[in-house]
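Okay, so here's the structure we're looking at.
Values in this text are rule-based calculations from the coordinates and carry no lab data. Bear in mind the structure is a predicted one, so any value in this text is a computation, not a measurement. Cβ sites come from the backbone with ideal geometry, for glycine too, and all protein chains shown count toward neighbours.
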Amino acid sequence: MTAFFLLPFLWLATAAYKPSRDMFSVPPMLLFRPTLEQFATVLRIFDVRSLLSSSLLIATGSVGLSLLLGVPAGYALARSSSRYATVAAYFFMAVRMVPAVAALIPFYLMMRDVGLLGSWISVVLINSMLNSAFVTWMMFLYFRGLPKELEEAALTDGCTMFGAFWRAALPAVRSGVVASALFCLIFSWNDFLYPMFLTRLDSKPLSVALLAAFGTKDITWGALGALAHFSTIPIVLIVLALNRYFVQGLTKGIH
Amino acid sequence: MELNPDLRDHTATLSPRVALKRPVLAARSYADRRRLFLISMALPGLAYVVAVGVWPLTKGIWFSLYDYNLLKPAQTHFVGLRNYADVLDDSVARQAFSNTVVFTVSAVAVELVLGFAIALALWRDDRFNRVCLALILIPVTITPLVVGLIFRALLMPDYGLVGYYLAESGFSGPHGLFAYGSSALATLIFVDIWEWTPLVALILLAGLKALPSDIIEAARADGATGVQRLRMVIIPLMAPTIVLAVMLRTIDAFRIFDSIFVTTGGGPGNATNSLMLHAVKQGLEFFNIGLASAIANVTLLCIAVMATAFVILFRQADRRAHGS
Amino acid sequence: MTSIKGFFREIAIAGLVLAPLVGSAAAADKPLEGVTLTLASQNDQFAAVLAALAPKFKEQTGATLKVDILDYGSLLTKTTADFVGHTGGYDLITMDIVWSGQYAQNDYSVDLVDWIKRDASELQLDDIYPTLLNALGHYGDKQVAFPFAGYANVLAYRKDLFDAAGLSPPKTMEELTADAYKLTDPAKHQYGFVANGQKGPAVAQDWMQYNTEMGGSILGPDGKPALNSEANVKSLTVYRDLFQKAAPPGAVNYDWGGREESFRQGLVAQMQTWSVGAPGYYDPASSKIVDKVAIAPAPRGAGLPQLYGLGGWGLAINADIKDKQKQAAWAFIKWLDSPPEHKEFNLMGAGSFLRKSEMTDADLLAKFPFLPVIAVTFEHGDGEYRPRIPQYPQIQDILGTAVNSVLVGNTDPKAALDAAQLEAVKLF
């Protein structure tokens, strides 16, 4: 089963070490003489360092902003006695359903008017809108699963209301925060349409550059595979590192 | 996902125990302060979403009422609901709609079953299972466009690593999987399953790990077989998690376009055209913003209807699971 | 306005500086010091070469050139958004031949007519093929882009297979079709024909090419769509039969990449293609047919005038940028198209020809033996195989679905083109 999910990816990963003429053959062959030529091409054509740093800026920026906005909002909605709180939580969920095409052109013109077009910040702004809505919804569910006694105890000990949130409630759902962060990270890292529209050469992330390796006259599979190394390895490392929290995080919230 | 039943106290202002320790007058203002605090916690997030999200969306709805093409700005004029009528009247859009529904329903159904099986297989916590989980998550981390390209290369019938043998053996038909309407859509569903089953498995695994072990032990002690335990105990308890996974996947599957764009371009004919692909083409290739906005809004409406259905399911399942 | 005049003088000086003999210009002679130009480039072979030439341009003029390499879809979308939003993000844009109508209609780019007239001798205009100058940027009475990458539609074929069958490369479309069937042997994975079949621009462009060569036409004499004319239906029928009986089975879903790969893999005996891919066939690193390939002029329907398909790219200057940027962008175009630089550009593998002198240049001929074929094609070039009208993108989309449906056997040529015609008429 694991092999089923790995093998197609391995084909692309190995494509990076194949000379172009051996990318395909009739009948297909698995053996090839490995080369680093493809990596050399990618490094010559693309400013990989800039692509990688844009990707990281966009991903961390939008994860940070989404958590900053979404976690307190989720908490407030979970603890509110208002009937509208649940409605509001589902409103946030609905925001994430919006098709990109609907918001893209108006947002593009909006970013032009505030002078942020071409900057990675504009991508962070739009990604955070979608992500913070999602975080709010997820954290709403997490906080609702959390016994109130913890905060009440903190309050009787003389904590402020924010203190009770910060010192008692938040640490208890820490793993939920990590889980939300990971969902946001994967979303931002893979997002294509918004950054394609909103960034310029020096703010372009890897997800957009990958498609540029896909030529009209000639698909350069090797270059795509080489570039995919840079776009996959960092995120796999992060997922691996947070894997434990991830499962625990979801665990905590459900039931 | 709805939580500990005994703790699900929706009167979320703090219980009298805390308030009683304070003078009565203070208690009154405490409730006010509490409300103010909660509002100030929620407000930044809400304001942000409204400012950044709702404005462009409103604009999108506004655009959908106009004949508005960015390439011919001078011809812009109000047409009311004509764009929507055009969408409903257009056979291409109708086929895109039915393709999208078939795609979403089949992909999400298989992802759910397969994801559940994987989650059960990885339930026991040991090092091997943990490594497997990390490895099967790799598809999730690849941009969908690139996933489409990988499968396109593998499935080329004339020289692709897999497609060659599929064509030779007669499994795919000589022109390859992407060349026939039915197999092209099925293949795209397969690609979606490949990419997103791991995420579903992950969500479900987390749910499994949170099951109260005493209940399952009790069922085992009562002599229930594995299948019985699954059917009578585990699945009912997992219902909220399952609905959560289905809802997240449905939202994303309904907006599919990237992997289609790079494999078949919506063909052969219109056999794999999706609503989003149609909207992206109208909006970002022809800059026919009015029509594209209308298609996007119809899509949003479909997702919202489905999501509402799921929320209702979600609540029912939750109630059944917790017997409240 | 003295500053503008002064600037023109500087440009003139720049032209002199760029002459090859004065390669090592002193810093004071760098008139574009401090200017940064951003170029949106299609990811064809020339893109990497443009990026590689940027340091040299900076050394000679002081201007920094940044090349943003984009895929076709992103390039079209991003640059159009840049134009209609008046955001001035790109200074220079590689413009596909078929975008000319859109550019001219909407005044996206600077009209270069006066500048070309003024700088004619510096440009050595006589050395540039008039067909390219017309096709890659001239529309109505405007010049919306200046050519830098001419592509010739040529026939690439396998000498070994043609020789073995006792055939010579086809001169007419009728011969091409007959040879295609003769050279097909599916048991040996050997096919006589290949073209793009994938829904969308891929299949539409290849069929329009083929259709014109067969004597069909997308537009009627009145400039209105005539998709379902008798000649078009006939040509699509022949085309479909070729796909079903003489092409690799996967061709119905090929785009350019898939088609070229099938030829480089040795599956196919002959293929009409853009000359830009030709250097790749001779490159052992990417091709398995290095010693067996040859290039010939594209065939034409029997009895039709000698004309060949032209494609390629021009460089357009964004109309929304500041005057100083426009002047610098024009200086770059003149620099890139100057005989020594353009030769260098091609020696580095751009596959983008422009000048008559390049066709007889010994260094280039040594590397690219097929240049005489390109010369003939450019001499008798026709840029209207795909109509360069503003409605082109929609026409291409309609045909992209219609022709693909026919090739996969969903419908017959007459019905598909009738339906396409109904759609197309709505655009006019």
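Here are a few things to note about the model shown:
- Span from the the stretch B:33-78 Cα centroid across to the the stretch A:158-213 one, whole angstrom: 22 Å
- One decimal place: the segment residue B:50-residue B:171 gains 38.4 nm when fully extended, by the rule 0.36 nm per residue minus the C-alpha distance.
- Flagged links, alpha-carbon separation over 21 Å, of C:199/C:288; B:281/C:78; C:199/C:224: C:199/C:288; C:199/C:224
- FRET efficiency for residue A:114 and residue A:90, using Cβ-Cβ distance with R0 set to 25 Å, rounded to 0.05: 0.25
- For chain C, complete DSSP H runs whose alpha carbons reach 15 Å or more along their own long axis and whose mean Kyte-Doolittle score is -1.0 or higher are C:2-17, C:45-61, C:72-84, C:201-213, C:230-245, C:323-337, C:392-407, C:413-425.
- Separation of the residue C:304 and residue C:172 label points, Cα + 7 Å toward Cβ, nm: 1.3 nm
- DSSP bridge pairs, the protein assembly as shown: antiparallel proportion in percent, nearest 5: 70 percent
- The Rg/Rh ratio for the protein assembly as shown, using Cα coordinates for both the radius of gyration and the Kirkwood hydrodynamic radius, is 1.00.
- Taking the fewest neighbouring Cβ atoms within 10 Å as the starting point, the ordered list for C:426, C:78 is C:426, C:78.
- Gyration tensor (alpha-carbon) shape descriptor, the stretch B:91-322, a/c threshold 1.5: oblate
- Listing B:300, A:206 from fewest to most neighbouring C-beta atoms within 10 Å gives B:300, A:206.
- Model label sites at residue C:181 and residue A:121, defined 7 Å from Cα along the beta-carbon direction, differ in position by 6.8 nm.
- About its Cα centre, the stretch B:96-228 has a charge dipole of approximately 160 debye under the convention of +1 per Lys or Arg Cβ and -1 per Asp or Glu Cβ, with nothing else charged.
- Spatial separation of Cα centroids for the stretch C:295-359 and the stretch C:233-293, in angstrom: 24 Å
- Per residue, the average separation of C-alpha pairs within less than 8 Å and at least 6 apart gives chain A a relative contact order of 32 percent.
- 18 Å reach of a label modelled at residue A:81, 7 Å along Cα-to-Cβ, counting backbone N of the stretch A:156-179: A:156, A:161
- Gain upon complete extension [residue C:241, residue C:118; 0.36 nm per residue less C-alpha separation]: 39.1 nm
- Normalised by the number of residues in the stretch A:1-125, the average gap of Cα pairs under 8 Å and 6 or more apart makes the relative contact order 20 percent.
- Model label zone, residue A:160; criterion: amide N under 20 Å from point 7 Å along Cα-to-beta-carbon; scope the stretch A:46-79: A:68-77, A:79
- Estimated 222 nm signal from helices in chain C, with DSSP H stretches of n ≥ 4 weighted -39500 (n - 2.57), rounded to 500: -13500 deg cm²/dmol
- Structure-based [θ]222 nm, chain A - -39500 (n - 2.57) summed over DSSP H runs of at least 4, per residue, nearest 500: -23000 deg cm²/dmol
- Sorted by Cβ density within 10 Å, fewest first, the residues A:62, A:50: A:50, A:62
- Between the listed residues A:6, C:102, B:228, the Cα displaced farthest toward the positive end of the dipole of the protein assembly as shown, a dipole computed from Cβ unit charges relative to the Cα centre, is found at B:228.
- In plain terms, chain B is cut at each of the chymotrypsin sites (Phe, Trp or Tyr not before Pro) found in a DSSP loop with at most 16 other Cβ atoms within 10 Å, and the longest leftover piece is B:172-324.
- Computed from the C-beta positions of residue C:190 and residue B:213, the FRET efficiency with R₀ = 60 Å rounds to 0.40.
- Candidate cross-link partners of residue C:30 among the lysines, defined by an alpha-carbon separation under 29 Å and a same-chain spacing of 8 or more, comprise C:5, C:56, C:58, C:66, C:117, C:322, C:324, C:326, C:334, C:343.
- Using C-alpha pairs below 8 Å separated by at least 6 residues, the relative contact order for the stretch B:91-322 is 28 percent.
- Residues of type lysines that residue C:292 reaches as a straight line, Cα spacing below 20 Å, ignoring anything fewer than 8 places off in the same chain: C:159, C:171, C:182, C:188, C:367
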